[in-house]
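Accompanying notes for the structure given below.
Every number here is computed from the coordinates shown, using simple stated rules; none is lab data. These figures come from a predicted structure and were not determined experimentally. Cβ sites come from the backbone with ideal geometry, for glycine too, and all protein chains shown count toward neighbours.
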Amino acid sequence: MAGGPRERWTSKRGFILAAIGSAVGLGNMWRFSYLAAENGGAAFVVLYLAATLVIALPVLLAELALGRGSQKSPIQALTLYGGRRWKPLGLVFITSGFLILSYYTVIAGWALRYGLVAIASGFDPNAAERFGEVASGWDAFGYHIAFMAFTVFIVVGGVSRGIERTSLVLMPMLFALVVGLALYAATLDGASAGYAYYLKPDFSKLLSLNVLKDATGQAFFSLSLGMGAMLTFASYLGRDVNLPRAAMIIAGADVAIAFIAGLVVFPMIFALDLSADVGASTVGALFITLPKAFAEMGSVGRGVGILFFAALIVGALTSAISLLEVVVSSAIDSLGWRRRPAGILLGIAITALGAPSAWSTDILGVVDQIANNILILGGGFALSIFVGWVMAGSIEEARVGTADVAWFGTWRNLLRYAVPAFLFFVLVYDAIPSTFRAIAGLF
Ligand code: PHE
């Protein structure tokens, strides 16, 4: 077993920023905007907010309670409270971490490449035609490796010296960048068409099962839930932190940044009349339309675009760190590995696993669906049952340092009944069948 006491965050603020760093990432900017574009703009935003509040927030508090209560990484946390028969769920979490990180750094690599090329020579007006070249093949693989190397570098630095310090510097910067970009976007002629699309719901799309699934999946993905990332981060916390308050701050910041990112993306796309490209939305949407917009805006566009990709890279990095940390902390706790070799070896293994996603954006899209629709939603389903029914003292753990208010009972009832029932419904009627269709579509 690894020696020494468990690592710790040095401050509450450090933990909160690291957790927000995990939550805020490609999900808020890349995934949120393409799903919103695909699912009728504001209609999607409304469902996403509702899903975050009613379904995802209770699961976030559950993960925080399980992590802090156990002081362990996922497998050991689950077996501590639930016995060995819960070990497979821990293995599912680790598999999710592997799989998500394997394509997450591919997309982050696209952002890295756009940012660097923009600094060197500006944006390519033919970005749309050239997207395939950038997004797949050796090029994509090279940037995927580079991004993973940064991620490994920070994680091997440790919880407080690597992850916490990075988040303390990068998260305020990210926030300032996104707000600044939204203010700039508001000055563009024609921005109002973008706001209208983004903020006026198309109610005909509001209650389709497919939109409901996408909104719920997005709420979970964006809050890094259902695969043990928040659990792992909370396992480095002491008992002096108010978990419900932390959960609300994390969720609030995550939603706010996703929302503000929409205020950047949609006005720009509409101001430059690129909305037709959005209609044909795919995983590449953000990487096709925005560079085109930046190229058309000339030298100002170049500066704005560089800042935009800087924000994307920063967000992606702090999220990738948390994904790798799930896997690394499990290797430390369960296999007795040391942090440095664990980070390096697992980073290499995950990079290799990402090769197919670097090779083809179609494969990447399907892996994203498997991870989200099945692993994360399924993981969230199992977690709500675990903390709702199996974990003894879950309410006591969640309310350490807070007053005994009635809503802890409501929280547990949500975890026991509403959340699993809803997730089960979404999984069976849409998420699982649509993922299998997507897999079949590859062949
Ligand atoms: N929440 C991150 C994002 O929105 C992605 C992520 C998912 C990170 C799961 C960790 C775990 O980009």
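A full extension of the chain between Leu91 and Ile119 corresponds to an added length of 5.9 nm, given 0.36 nm per residue minus the alpha carbon distance. In terms of the ratio Rg/(2.2 N^0.38 Å) built on C-alpha atoms, what value belongs to region 149-228? In units of the globular-protein estimate, region 149-228 measures up at 1.61.
Taking the empirical scaling 2.2 N^0.38 Å for compact globular proteins as reference, region 222-324 has a Cα radius of gyration ratio of 1.36. From the alpha carbon centroid of region 79-96 to that of region 158-188 is 34 Å. Of the DSSP H helices in the chain, those that are both long (alpha-carbon extent of 15 Å or more along the helix axis) and hydrophobic (Kyte-Doolittle mean at least 0.0) are 12-23, 57-70, 87-121, 138-156, 165-186, 209-222, 243-271, 285-296, 298-335, 339-353. Approximating the spin labels as points 7 Å out from Cα along Cα→Cβ, the Asp362-to-Arg84 distance works out to 4.5 nm. Partners of Lys72 within straight-line reach, counting lysines whose Cα lies under 25 Å from its Cα and excluding those fewer than 8 residues away in the same chain: Lys12, Lys87. Of the peptides 236-249, 134-147, the ranking by mean beta-carbon count within 10 Å, highest at the top, reads 134-147, 236-249. Sorting 255-267, 110-122, 22-34 by their mean Cβ neighbour count within 10 Å, with the most densely packed peptide first, gives 22-34, 255-267, 110-122. For region 99-178, the convex hull spanned by the alpha carbon atoms encloses 124 Å³ per residue.
Rounded to the nearest 500, the 222 nm mean residue ellipticity of the chain from helices alone is -23000 deg cm²/dmol, with -39,500 (n - 2.57) taken per DSSP H run of at least 4 residues. Each 10 Å bin from zero holds the following percent of Cα-Cα pairs in region 293-372: 16, 29, 32, 18, 6, 1. Available extension along the chain between Glu296 and Arg245 is 14.0 nm, counting 0.36 nm per residue and deducting the alpha carbon span. A simple count of charges around Gly25, restricted to other residues whose Cβ falls under 15 Å of its Cβ and scoring Lys, Arg +1 and Asp, Glu -1, yields -2.
A Cα-only calculation for the chain places Rg and Dmax at 20.6, 61 Å.
Considering only Leu324, Leu286, Leu80, the Gaussian network model of the chain with Cα springs below 10 Å gives its largest mean-square fluctuation to Leu80.
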